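The structure appears right after this line, and notes come after that.
The values are calculated or read from the model by the stated rules, or taken from the named source; none is laboratory data. All values reported here derive from a predicted model rather than from experimental measurement. Glycine also receives a Cβ, built like all others from the backbone with ideal geometry; neighbour counts cover every protein chain displayed. SASA here: full protein model, heavy atoms, side chains in, ligands and nucleic acids out. Shrake-Rupley method; radii C 1.70, N 1.55, O 1.52, S 1.80 Å.
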Amino acid sequence: MNNGTIPLKQTKGLVTMDKLIAMRVFNEVVKFGSFARAAEHLDMAASVVTRHIAALETELGSQLLLRTTRSLSLTERGEIYLERTRQILEDIERTEALVSSANKAHSGPIKLAVTTNFGLHFMPAIMHRYQEMYPDIIFDVMVLDEPVDLVARGLDLAITFAPSVLNVDTVTRSLASNKMILCATPTYLLQAPPLNDIGDLIHHQCIALSTYTGANDCWELLDTQGVAHLVPIKPSIICNTAAMTYQCALTDLGVTRFTSVLARHLLSSGRLTRVLEEYEAPGLELVVAYPSRRYLTTKARSFIEFLMEHMGSNQLVSGMFTSRP
């Protein structure tokens, strides 16, 4: 700050920011009809107000105000200048208000639910990238593998599987589809009965997921022709979270269904072996679900569009989002 001005970039006359300040000073002098009252309102010294007006008149080469000891009035050119600068200052104020409003719209909490495996493997990267753009966003994340009632839980959105959305008026948009394959550890398979056909599953320890998939006494498997087979199983463990089923399988406790994207690095490292390779379980559609568009906040809508833009329509992750070991 220097004598009531904020110097920025030099033009042929007044500094750019000085000129904007001088415009405002000029408008306030006209509004109050007094240099002294304008100075008081602007919290400036009266001498600074006088210098701003003098600098404007010098810059323009025209007298803007007629002043006597008792009165203050506009010249003809002063009236023209007042009309145009008033519009300029109003435009600046509106622009600043819009920017300020946009910043506020992208601040504060976004409340969402995510499935366990998606949350653990992919949400950190997603949240990091989004907060790079909008650092004032706070993610309030609920991790769960169960049917979700967005309204009852007060959530803005959920990233979950299509069958788990309870609210009939919820909007869902597809993010990805992902096939599921049968896997077990080499250690388990070494001590287990042969597993050459789907009929052999009845003799194996199977780790079942109770959420999204219905009954736990059989698995639906599709052959290479897309024909569905309901295969009886006798689960030794039933879990309500996919993450738990995966950990059980990795601890040599049996056969389970893995999403292919999460199994990929475990298969390549040898920690898992795919079994019955000619079969796979029906894939689950990953969706972003949210209440009616009427109730979406600006920040929630923005985050949903961000997800739609950055996640492939037919793969779980794309580009910037990669699975982690």
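Data table
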item: Residues of region 276-307 classified as outside any loop (DSSP other than H, G, I, E, B) and either in contact with a Phe, Trp or Tyr (Cβ under 6 Å, 6 or more places away or on another chain) or touching a residue at least 40 places away in the same chain (Cβ under 8 Å) (or both), total; result: 20
item: Residues of region 1-35 that turn out to be closer than 15 Å to THR58 by Cβ, open to solvent by 40 Å² or more (accessible area, probe 1.4 Å) and modelled with pLDDT under 50, as a count; result: 2
item: Selection within region 104-121 - assigned to a loop (DSSP other than H, G, I, E, B) and under 15 Å from PHE161 (Cα atoms); result: THR115
item: Candidates GLY254, GLY283, filtered to the one that is in contact with a Lys or Arg (Cβ under 6 Å, 6 or more places away or on another chain) and either open to solvent by 10 Å² or more (accessible area, probe 1.4 Å) or modelled with pLDDT of 95 or more (or both); result: GLY283
item: Among (1) touching a residue at least 24 places away in the same chain (Cβ under 8 Å); (2) not in a loop (DSSP other than H, G, I, E, B), the one test that MET44 misses; result: (2)
item: Subset of region 211-241 (residues that are open to solvent by less than 20 Å² (accessible area, probe 1.4 Å) and among the hydrophobic types (A, V, I, L, M, F, W, C)); result: TRP219, LEU221, VAL231, ILE233, CYS239
item: Criterion violated by THR259 - all others in (1) buried (at least 16 other Cβ atoms within 10 Å of the Cβ); (2) modelled with pLDDT of 90 or more satisfied; result: (2)
item: Residues of region 61-92 satisfying the condition of being part of a helix (DSSP H, G or I) and farther than 21 Å from ALA39 by Cβ; result: GLU76, ARG77, GLU79, ILE80, GLU83, ARG84, GLN87, ILE88, GLU90, ASP91, ILE92
item: Sole residue being small (Gly, Ala, Ser) and under 16 Å from ARG271 (Cα atoms), chosen from ALA208, ALA192, ALA184, ALA176; result: ALA184
item: Failed condition for VAL114, given (1) out of contact with any Gly (no Cβ under 7 Å at 6 or more places or on another chain); (2) under 24 Å from LEU222 (Cβ atoms); result: (2)
item: Residue in region 170-193 that is surrounded by the most Cβ atoms within 10 Å (Cβ to Cβ), counting only those that are in a helix (DSSP H, G or I) and polar (S, T, N, Q); result: THR187
